Each structure stands twice: as C-alpha cells, then as structure tokens.
Amino acid sequence: MIIRIVKLSISSSHIDDFTNLFKENKNKILNFEGCNHVELLKESGNENIFFTYSHWEQISDLEKYRESSTFKEIWKKTKTYFCDKPQAWSLNKTNT
C-alpha cells in the first residue's frame, strides 16, 4: 500500500473554492482503480494549509490516476488557488 500526502497552501480568497472542488471530486478520486481512501485535512491553527491524504494499492495505481484526465482537470483548477508551491510524498508503511 502507498500512502500519498500532498501539502497545499491555498490563498485565503480561494479556501471555499478549493474545499468545494475537493468535495465535488472526492468520489471520483475514491472510485479510481486502486484508491482505497482519500480525505482532506487542514493544519490546526493555519487556515491556508491543507493536506490531501490518500491510500493506493500500489504505486502504479497512483501513477495511472496522476496521468488521467480526471487528475489533470482537478489539478488545473487547484493550481489556480495556490499561494505557495505544493509538496508531495509517497510513503510505504514499515513493518515496525
């Protein structure tokens, strides 16, 4: 399983636009092959910092999603809301 975390800094004037975009597309992402979980988190004490947190069966599922028209459409809109560069991590669970 792959855990994907993406940190997004959203302009104050676009927070509602961004959260609505996520709500509108959450099920599309969740229904994508290999995606088992997706949620939006917000940093405590900072209204502009969000994290998407998703679980993928394997890295190839995540890559297929990232190459899809669904992702490209969502990402194109999301980028217009940024106030800083996004950061992303793809993580594997350890056996400890």
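The values are calculated or read from the model by the stated rules, or taken from the named source; none is laboratory data. Not measured: the values here are computed from a predicted model. Virtual Cβ from ideal backbone geometry, glycine too; neighbours counted across all protein chains shown. What goes into the accessible areas is simple: the full protein's heavy atoms, side chains included, and nothing from ligands, DNA or RNA. Shrake-Rupley method; radii C 1.70, N 1.55, O 1.52, S 1.80 Å.
Observations, loosely collected:
- Qualifying residue in region 55-74 (condition: of a type outside the set (A, V, I, L, M), touching a Ser or Thr at 6+ places or on another chain (Cβ under 7 Å) and at pLDDT 95 or above): no
- For region 41-55, filtered to residues that are over 9 Å from residue 10 (Cα atoms) and touching a residue at least 12 places away in the same chain (Cβ under 8 Å), the residue that is surrounded by the most Cβ atoms within 10 Å (Cβ to Cβ) is 54.
- Scanning region 5-44 for residues that are in a loop (DSSP other than H, G, I, E, B) and either under 22 Å from residue 68 (Cβ atoms) or of a type in the set (Phe, Trp, Tyr) (or both) turns up 31, 32, 33, 34.
- Some residue of region 86-95 being surrounded by fewer than 14 Cβ atoms within 10 Å (Cβ to Cβ), on the phi < 0 side of the Ramachandran plot and without any contact (Cβ under 8 Å) to a residue 60 or more places away in the chain: yes
- Some residue of region 26-35 being open to solvent by 70 Å² or more (accessible area, probe 1.4 Å) and in contact with an Asp or Glu (Cβ under 7 Å, 6 or more places away or on another chain): yes
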